[in-house]
Each structure stands twice: as C-alpha cells, then as structure tokens.
1. When segment 56-102 is examined, which residues are found to be among the polar types (S, T, N, Q) and either within 16 Å of ligand 2 (Cβ to nearest atom) or assigned by TED's automatic domain parsing to the domain that holds Tyr314 (or both)?
2. Can you pull out every residue in segment 289-324 that is charged (D, E, K, R) and free of Cβ contacts under 8 Å to residues at least 40 places away in the same chain?
3. Quick one: which of Gly178, Gly110, Gly132 is in the same structural domain as Ala92 (by TED's automatic domain parsing), surrounded by fewer than 23 Cβ atoms within 10 Å (Cβ to Cβ) and farther than 23 Å from Gly36 by Cβ?
4. Of the numbered conditions (1) open to solvent by less than 20 Å² (accessible area, probe 1.4 Å); (2) within 16 Å of ligand 1 (Cβ to nearest atom), Met161 fails exactly one; give the number of that condition.
5. Can you find even one residue in segment 480-496 that is under 34 Å from the mean Cα position of the chain (by Cα), aromatic (Phe, Trp, Tyr) and not assigned by TED's automatic domain parsing to the domain that holds Thr177?
6. Out of all the residues in segment 297-311, which are open to solvent by 10 Å² or more (accessible area, probe 1.4 Å) and either more than 14 Å from ligand 1 (Cβ to nearest atom) or farther than 20 Å from Trp103 by Cα (or both)?
7. Which residue is nearest to Ala426 (Cα to Cα), if the candidates are limited to segment 288-339 and must be of a type in the set (S, T, N, Q) and either within 16 Å of ligand 2 (Cβ to nearest atom) or in a loop (DSSP other than H, G, I, E, B) (or both)?
8. Look through segment 272-294, keep the residues that are farther than 21 Å from Gly105 by Cα and either over 14 Å from the mean Cα position of the chain (by Cα) or within 16 Å of ligand 1 (Cβ to nearest atom) (or both), and return whichever of them is most open to solvent (accessible area, probe 1.4 Å).
Amino acid sequence: MTTKIHALDALKFDNSFIRELPADSETHNACRQVLGACYSAVLPTETRQARRVIFAPEVAHLLDLSEAVCHSEDFTQVFSGNRLADGMESYATCYGGHQFGQWAGQLGDGRAINLGEVINQRQQRWALQLKGSGKTPYSRRSDGLAVLRSSVREFLCSEAMHHLGVPTTRALSLTLTGDNVLRDMFYDGNPKHEQGAVVCRVTPTFTRFGHFQILTARNDIPLLKKLVDFTIRTHFPHLGEPSPAIYLQWFGEICKLTAEMVVHWQRVGFVHGVMNTDNMSIMGLTIDYGPYGWLENFDSNWTPNTTDAEDRRYRFGNQPAVAFWNLAQLANAIYPLIPETQLLQETLQHHYNQTLQHDLHVMKAEKLGLPDVQMATDEALLSDLETLLQIVETDMTIFYRQLANVDMSVNIDTVEIERWLQPLSAAYYLPEQLDDAYQHRRFDWLKSYARRLHQNGITETDRTRRMNAVNPNYVLRNYLAQLAIDDAEQGDFTEIHRLLDVLRQPYCEQTGKQNYAAKRPDWARQRAGCSMLSCSS
Ligand code: AMP
Ligand code: MG
C-alpha cells in the first residue's frame, strides 16, 4: 500500500551518485574541463515567471506524488528550478562522447541539472533532472536553456514511447520559464526570441556511454573503475559483486538492452536523429529527444535531422548498425578493466548482433501476426514486404494497421481485388503511383503471406489480435507535435493535453480520435518541424 505524498519536502532522497563519486573541487559556475570528478555542484537558474504547462500523472505516481501536489504552485517552482525541495542536491555530471562519429572530448550536462534520486515506497530509485534550467560548467559556448517547441517534443515523446512499450526516460512535467531564449532554428543567420521551458525528466539513472568514455580518454582508470563498480552495484545489483568477469557480463547486458531498444524503435518507426555516444543510456533507454522523427512513408534512408542530411548516419535503416558502433566505443572505454579484446568482441557479437538479428526477425514476423519465425521461408516474405513498402510512398503505421483489416481468409484467386484491398488505400500518399506493376507485386506478396498463414492455421481473429498488439494506431506524428507546439506558443495548451491522452493508448481504436491516426497532410510535407528538424533546441 502506498500513501500519497502531499508536499514535495516529504519526498525521500538517496543521492547515491554524488555521495559515492568524487565531486569537482571547484565550485564556481563557469565553463571548464572537469578532471578527476564525475560531477559539479551547480544551482538551477531562477526563472522570471514560471508557469506549469502539463504534468504526467503516471510519472507523478512513480514518485508517489498526489495529484494535488502536482497542481500546486510549489510544484511549478520546484520543477522549473526556483526552489530545491528538502533532500534535493543539484549537480551537473561530466561525460564525453562521439558526435557523428568523431570524438568530441568533454560534453557533460550542459543544460541539464540533476536534483537527486527519489526512493519511492516500493524502494525504486528515480533520478530527477531538469532540462533547460541554465548554465553549468559543461555548457561550453551555449546558454544552458531550452525552448518551448523542443520541450513539448521531449515531454510528449518520452511519454508516448513509454505507452508504446519502448524503454525510455520519462517526463514528469513541462514548465514555461517566462524568460526568452534566442535561437537560430536553421543556423541561417535568422535568430529569434522564443519562450524558454524546462522539462523534468525521470529515470533510474541518466548515466550514458560517454560517462565512461571521458574517463578512459583521460586515462583516469581508478575513477573509471569506481564509476563502473558504482553503476553495477546500484543499477545492476543482480549481477553480483564487481570483478573483471562481472564487468564482461555487465557489458553483455548493456548490449542486450541496447539491441532490445533498437528493435522497438524499428518496430514503431522511431528515428532518434542524434545517436551520439553521449546520447546512449547505459540502461538501454531512449534518451535525449532532440531532432527525432517518426517514419511516415516507410523509407529506410529517412532522417529527420537536417544537420545529418548529407551523411544520413542516423537514418532509420542505419540505427541498428550505429548502436553496434556505439557499443564498440563503450567496449573501448571499459577495455582497461577487462583487457581481453577477444572476450569483449565475442560479447558484442553474441549479445548485440545475435540478439538483434533474432529479435528483428521475430519483431517483423509479429508485425504480420505470425507467432514464430521460420527462417527458411520467412526471410523472403519479410524482405519483399520492405521493398514493397518503399516502391510507392506508403505510410508505415497505417499500412500495418490496415493489413490487419484485409481479410486473409478469402479465396485469393476469385476475390474482387479492389474491394478486398480497400482498407490499404488509406496508407498511400500518392495513389497515382499504384500502377499495374506495383499492384501485381503487391498481389504476389499477399499470396505468399496468405500461404504462410494457411499453412500454419493462423485464424483471422488470432492474426488481427496479434498485429494490433504490436502495430500502433497512434504515434506522435511529426505534424501532430508541431500543431500542439503552434498552439502552445500562443498560450493554448489544450492540444498538448489532448495528444498525451490519445498517446496513452496507442494500440486501441479510440472513438472520435481517427484524425490522430491519419496520414501526414500535404501541407506538412516540407514544413519546418514536421519533416525537417535541426539540433537547435
Ligand atoms: P545534444 O546534441 O542535445 O545531445 O547535446 C550535446 C551536448 O551539448 C550536451 O553536452 C548538451 O548538454 C550540450 N548542449 C546542448 N544544448 C545546449 C545549450 N543550449 N546549452 C548548453 N549546453 C547545451
Ligand atoms: Mg545529449
């Protein structure tokens, strides 16, 4: 039985990260290289006129907070960074990372300020972090702030991902600061004032691959060992007492968790956009929602990030390969503790590549309602479908949802094709592309699909149920987020609330909400924020 907490000062904190790990000896808030330490104490910047936009009751529940406290003025003050509640200690952590494949040196929490770790009544540990609450020693040349549009995107997407069943950091609240922030959205010399905002993120730990990388890059092996031991004891206690053998097992688990996360991304059509090693969570959680996007027309080359438009390193189809590359960088970082290249490589191969290959196939089969994968025959079925989805502009989400509505029990040789395939028509962006060649190809594929279903005696009810459990009806389409942002920038937050509500049950058909499952309207094709995003946030 949990009792609700009615005052933020009653939250129970156990700030293990700063208790167990060394602090920066300097305390002034100025940019610097922080050596021999994992974090720097720093206070959030006070805001002029904080105003709550939204909170997520499900996340408040994780912290045992009552709804009433979430509606209080104190909640707005604390989660916009104006007051530290009892037990909170604020700090920014030091990490490095590879950005777009290049080692970038020290990065760190440049605009994230941690508030400590809550222990809830179920003894779960939840770290709290404000994003956009001002400069820290890691801010480099930037202001430490975040704007409303990117904060709405982070808030909504973290919660949408959670409800889709994708491992992710969570978002407790979104607050306007009342201060203006200058941003050059497309880096084209047209900076504009935008409204500042703060999101409070919640997750077991914010530790990233880059936290380990920076220590190895600086050859601070004693501190590397300390951080690894701390991470295993606190967040992977089931592995047992740290030792070189346990380090290897730990790495194997990170590989597995990362593979599972990426498979979920591919299942729902999520493109992270900036898979730098500083944006990779040690717990295999989706973290740092920046210029991410959702696939509308299925295109494995698509990336929402205009900063990556040329190389497309972080394109949809490349996410599994990039995760592997990032894990290899993590392996390099922990190598001084496990000086066995061979074992690290085998672990990476076994726990990442093999898990990934297997889980990707299972996931693709599940999207078709198949209870298992029969490699010999299914390989072609699955890859032919991907080709089919790309030769004409096809909305991925709608296609899978509507395929469940195509009656596969009909006699294909006698069926009236146009009527039979009517459900699929909602998935196509350019009906003029559906020429005879395409229609033949689609028919052939459907024949193989039907054969596979009949051979295995999969009933229609069973197929539909399976498919609708893994193929979402509602995802945070880029243009839907942008419409909510447009309203929010005018001070109207109802669309943010409405969207969160719809995204709570992504696998259901919700009455009156069909417009949230519709394909991208034409106006959104080239509009900033809908199809193109930059890192500016
Ligand atoms: P990202 O690409 O958002 O993952 O950010 C990469 C690094 O830049 C991280 O260390 C961030 O903390 C930092 N950063 C991004 N935006 C800002 C900002 N407005 N002010 C300070 N640091 C920032
Ligand atoms: Mg980041």
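The values are calculated or read from the model by the stated rules, or taken from the named source; none is laboratory data. Everything numeric in this text was worked out from a predicted model, so none of it was measured. Note that we place each Cβ from the backbone using ideal geometry, even for glycine, and neighbour counts take in every protein chain shown. Surface accessibility is based on the protein's heavy atoms, side chains included, excluding ligands, DNA and RNA. Shrake-Rupley method; radii C 1.70, N 1.55, O 1.52, S 1.80 Å.
1. Within segment 56-102, Thr93, Gln99, Gln102 qualify.
2. Answer for segment 289-324, where residues must be charged (D, E, K, R) and free of Cβ contacts under 8 Å to residues at least 40 places away in the same chain: Glu310, Arg312.
3. Numbers: Gly110 fails: farther than 23 Å from Gly36 by Cβ; Gly132 fails: surrounded by fewer than 23 Cβ atoms within 10 Å (Cβ to Cβ).
Answer to the selection: Gly178.
4. Failing condition for Met161: (2).
5. From segment 480-496, those under 34 Å from the mean Cα position of the chain (by Cα) are 480-496; that's our starting set.
If we keep only those that are aromatic (Phe, Trp, Tyr) as well, we get 493.
From the residues that got through so far, the ones that are not assigned by TED's automatic domain parsing to the domain that holds Thr177 too are 493.
Taking every residue of segment 480-496 in turn, at least one turns out to be under 34 Å from the mean Cα position of the chain (by Cα), aromatic (Phe, Trp, Tyr) and not assigned by TED's automatic domain parsing to the domain that holds Thr177.
6. Let us first name the residues in segment 297-311 that are open to solvent by 10 Å² or more (accessible area, probe 1.4 Å), namely 297-303, 306-307, 309-311.
Within segment 297-311, Asn297, Phe298, Asp299, Ser300, Asn301, Trp302, Thr303, Thr306, Ala309, Glu310, Asp311 qualify.
7. Ser300
8. Leu285
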